[in-house]
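**Student:** Sharing a structure with you now.
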Amino acid sequence: MSAQAAFSTEERQEQGPRLTLVPPLRSTVSTVGFALIIMALVAVGMGLVMVVTTSVAAQSKELSGLRTEATLLEYRTASLTTELQTTSATGRLATRAADLGMVPNPYPAFIRLSDGKILGEPTPVRGNEVPYLRQHELTPPTAPRIRVLAGQDDAAAPTPTLPMAPGVDQ
């Protein structure tokens with residue numbers, strides 16, 4: 001026999017039972033209390049959802065307004081760019097320069113900005129060097145209206161003379 005069998009059952013009873021039953025725990029929160037806690041958490045969660053939704057809606061409205069403003073500013077930028085390109089076109093600049101009494105110079109000189117050296121020979125102009133480049137507004141014809149009578153041939157009709165641009169020979 002083994003050493004354990006040497007102990008009698010009486011000795012085991014003297015030591016006492018090894019395992020005891022644990023009494024069941026009483027719930028400290030009732031079912032109604034639990035339901036109230038859950039309902040409070042749901043109410044707080046829904047309140048937070050409403051606050052976030054309202055905030056997002058306000059930001060969305062502001063974003064829409066800013067996008068509209070950005071679109072209007074893009075249109076304004078395009079309009080100003082077009083106006084600038086029209087105003088700075090070479091033909092327009094030449095017309096404005098002629099209105100101010102400037103004449104084109106066929107002998108330009110350039111200044112190199114890096115060292116200030118003048119490239120080319122600066123030559124003053126008299127104003128008649130390049131008459132075909134000058135921009136002058138043409139005056140409307142002042143010739144009288146011609147009436148052709150029935151029965152006259154075209155060769156007999158008088159030929160009106162139109163004014164010529166300044167600086168242009170006939």
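**Student:** Hey, rough spin-label estimate for Val42 and Tyr107, points 7 angstrom out along Cα→Cβ, what's it come to in nanometres?
**Tutor:** 9.8
**Student:** Report the FRET efficiency, 1/(1 + (r/R0)^6), for Lys61 and Ser30, where r is their Cβ-Cβ distance and R0 is 45 Å, rounded to 0.05.
**Tutor:** Numbers: r = 47 Å, r/R0 = 1.04.
So, using R0 = 45 Å, E works out to roughly 0.45.
**Student:** So if each residue of separation counts as 0.36 nm, and I subtract the Cα-Cα distance between Tyr132 and Thr20, what length gain in nm does that give?
**Tutor:** 28.1 nm
**Student:** Could you work out Rg/(2.2 N^0.38 Å) for the range 35-103, with Rg from alpha carbons only? Walk me through the numbers on the way to the answer.
**Tutor:** Details: Rg = 28.7 Å, N = 69, 2.2 N^0.38 = 11.0 Å.
Expressed relative to 2.2 N^0.38 Å, the Cα Rg reads 2.61.
**Student:** Where in the range 52-141 are there trypsin sites (Lys or Arg not before Pro) that are in a DSSP coil and have at most 11 other Cβ atoms within 10 angstrom of their Cβ? Mind dumping the intermediate values first?
**Tutor:** Details: sites: Lys61, Arg67, Arg76, Arg92, Arg96, Arg112, Lys117, Arg126, Arg134; in loops: Arg112, Lys117, Arg126, Arg134.
For trypsin sites (Lys or Arg not before Pro) across the range 52-141 that sit outside H, G, I, E and B with at most 11 neighbouring Cβ atoms in 10 Å, the list reads Arg112, Lys117, Arg126.
Computed from the coordinates by the stated procedures, all read-outs in this text should not be read as laboratory data. These figures come from a predicted structure and were not determined experimentally. Cβ sites come from the backbone with ideal geometry, for glycine too, and all protein chains shown count toward neighbours.
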